[in-house]
Each structure stands twice: as structure tokens, then as C-alpha cells.
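Reading through the C-alpha cells given below for one structure.
The values are calculated or read from the model by the stated rules, or taken from the named source; none is laboratory data. Worth saying up front: this structure is predicted, and the values here are computed from it rather than measured. Neighbour counts are summed over all protein chains in view; Cβ atoms, including those assigned to glycine, are modelled from backbone coordinates with ideal geometry. Side chains included, ligands, DNA and RNA excluded: accessible areas come from the protein's heavy atoms. Shrake-Rupley method; radii C 1.70, N 1.55, O 1.52, S 1.80 Å.
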Amino acid sequence: MTSPLLSTPGAVSAESPDSGVAAHYGDPAHEGRAIERSSAWVDRSNRGVVTVTGPDRLTWLNDLTSQLTRDLRPGAGTEALVLDTRGHLRHHLSLVDDGVTTWIHTEPGEGAALAAFLDSMRFMLRVEVTDRSAERAVLTVAGPEREKAVAAVGVEDVPARAADDEIDLFLPADRLIAVAEALTATGARPAGLWSYEAHRIEHHRVRPGLDTDDRTIPHEVDWVGRAVHLTKGCYPGQETVARVHNLGRPPRRLIMLHLDGTAERLPEVGAPIELDGRTIGRVGTSARHHELGPIALGVVKRSAPTDAELVVEGIAAGQEVVVDPDTGANAKIDLRRRPR
């Protein structure tokens, strides 16, 4: 589905998996600065949207996912994972509850699959699951002045998820243009996914299916604490999470790569990360940051030296450690990090 906001002056469409929304609006550097210094709105209307209603919804989600949702306060945004029994990712949920309904957004094209999975797990509980991807559109407002911008446009009736340094609005699809224009009138700048993704990578937030693969476990990619609650009780995949937490040392670890800025290209998702000619990991998402230059997230073997210079598709890359090689409850290690 193509977003109506691609009619915004300067809009250039992104590529898969984000085709249909804007990569940028003509000036990615200034769009990135707006995200960090003032406010910007980002069209993420390609996200899948699922709702869960019914009096059992939060306790039910608590039993199905890695997050403590049982006592989730209305308006408090969080993340959750649906894992398989071996601790590997099935679905990633960005969610908020408004006191009546739990609103979830997930990766583009995944709304129907998530809704089908959740619906299959209802059994006799009082919950209803609905895929609302066609009727709701996620518009994200980011930056230090985001709350002021959102307050000025009159969207009190719209479910909103506040988390990290952004607010996700679950807008009715027919209000997407009007709200975006109202935000622009307040001074919020249109920002495309190039700058949004650069900001996400800078803050080490992985994107499922791009920065992860079918072997990823939560400790490897810094999801513990953010999307995994360690003391909430049983859920599918908990045994793997608990084992790594207690014993430490997941097989792989997340890093951020500072890529050689003289290269004219960015590496492809899944490209090998090499050390002395040997493949030690894979690259996930990459972007050009307005201050840091070309950066990427990657996952490498736990045993890879933390201070090694790496190579990705012929591009030299310094690494910034995100996940400690010995991460776990009892790990205490002083890592040397690459200066930023």
C-alpha cells in the first residue's frame, strides 16, 4: 500500500521492506537534525497494526510474551517478543494499552501473521484479536519537542504509544494527511526513514528480520530489559533466556559499525563481517547519519576481539560494543569501546 503522504513535497519512496513510505523529503541531513534537536514526524503507515480487546487481554499477553504486561499502566509504551520454545524470535510487538484495548504495531506485512498467531492462542479466554493494518496508520513523532508538537494538534482521541524518544500515533488512515499537515504547521519537520533508521541504529535498537535472523536469541541483540522481563514468570522461550542470564555468554553479540566514510555505498543486509579474511558475523541495517557518517548494526561471534578492526564488503569498519561478550547475571567485564 502506498502512503498518501508520498504526495508531500520532496518525498522520495523508500525501498523494500519499507516501499510505500518516504525514504526522505529532499534533505536527509536536516531531517536527522530535527529528530535529534527539535521535532519531526515520520510516516510509518506501512507498519502492521493489531488490537487485542477483552478483560483477559493483559494477563493473556503476559503468558504469551517475554514482557510483563499483566500490570501495564494505560498509556505506558513497551516492547514484547513472541519466542518459540528454543528462544528464537517469532514476532516483535511495540505495544500500548489504553485501558480498554491493547494496540500493537509490528513489522511491515506482519500484521496478518501476528493476528493469526494470537487468535490461534485464545482458547477459552475473553480476548478478541483484530488485524487493523488497513484502517490504522502509525505516525511517529520524534525529538525533544515531540510532546509539545503532539499536544498542539488535537489528537487526544487517538491511541498513543510513548517510548524512548518518540510517540507513536495509531491514526485512523483517513486522518493521516491532516495530522501530518497540522504537525508541520507546529514546526515539526517531515523526516523520512533514512534519518529515522540512522537515529535508531545510533541508539542500538535492532529491527526484527533485518538485524536478526532465525537463530537470534534476545541476549545477543540487547533486548533484555527493553523487550524481555527477567522475573515475570513462564512464557515460551523463557528457558533459553534464563539459561543465558544465569550462565552468561550468548553465542553472538550485537555491535555498531562505524564504516569507512570514503565508500560510496552501504553494505547489504546479511553481508558478511570479516576479520583477517574470515567471516565472523553478519551486517543488519545500515544508514548515513548526519553526524556520525555511515553506520550499521551487526552481529558477530562472541569470541571476536572487542577492539578488532573489521571489514564489510571491502569497507573498513570500526566496532562499538553494544552487548558484552560475557553478558549475563554474573558477568563483570570492562570493555574497551571505540571512541565516538
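When the solvent-accessible area of the chain is split by element, carbon and sulfur atoms take up 49 percent of it, the probe being 1.4 Å. In this rough spin-label picture, where each label sits 7 Å from Cα along the Cβ direction, the S7-D157 distance is 2.2 nm. Scan the stretch 106-186 for trypsin sites (Lys or Arg not before Pro) in coil per DSSP, keeping those whose Cβ has at most 14 other Cβ atoms within 10 Å, and list them by number. Filter output for the stretch 106-186: R126. Extension gain, R122-V100: 0.36 nm per intervening residue step, less the Cα-Cα distance, totals 6.2 nm. For the stretch 14-94, GluC sites (Glu not before Pro) are listed when DSSP marks them as loop and at most 10 other Cβ atoms sit within 10 Å of their Cβ; the list is E15. Remark: spin-label model distance A308-E147 equals 4.5 nm, labels positioned 7 Å along the Cα→Cβ axis. A simple spin-label model places the labels of A112 and H30 4.0 nm from each other, with each point 7 Å out along Cα-to-Cβ. Between D326 and R249, residue separation times 0.36 nm minus the direct Cα-Cα distance comes to 27.3 nm.
Relative to the Cα centre, the charge distribution of the chain, modelled as +1 at Lys and Arg Cβ and -1 at Asp and Glu Cβ, gives a dipole magnitude of about 800 debye.
Once Lys and Arg get +1 and Asp and Glu get -1 on their Cβ, which of G154, H199, T212 lies farthest toward the positive end of the dipole of the stretch 144-249? Ranked along the dipole, the leading option is T212.
Annotation: extensible slack from R70 through D164 equals 31.8 nm (criterion: 0.36 nm per residue apart, minus Cα-Cα distance). Using a cutoff of 8 angstrom between alpha carbon atoms and counting only pairs six or more residues apart, the relative contact order for the chain works out to 18 percent. Summing charges over all other residues whose Cβ lies under 13 Å from the Cβ of I280, with Lys and Arg as +1 and Asp and Glu as -1, gives +3. Checking (i) 0.99; (ii) 1.34; (iii) 1.51 against Cα Rg over 2.2 N^0.38 Å calculated from these atoms, the matching label is (i).
At an R0 of 41 angstrom, the distance between the Cβ atoms of D214 and A178 translates into a FRET efficiency of 0.50.
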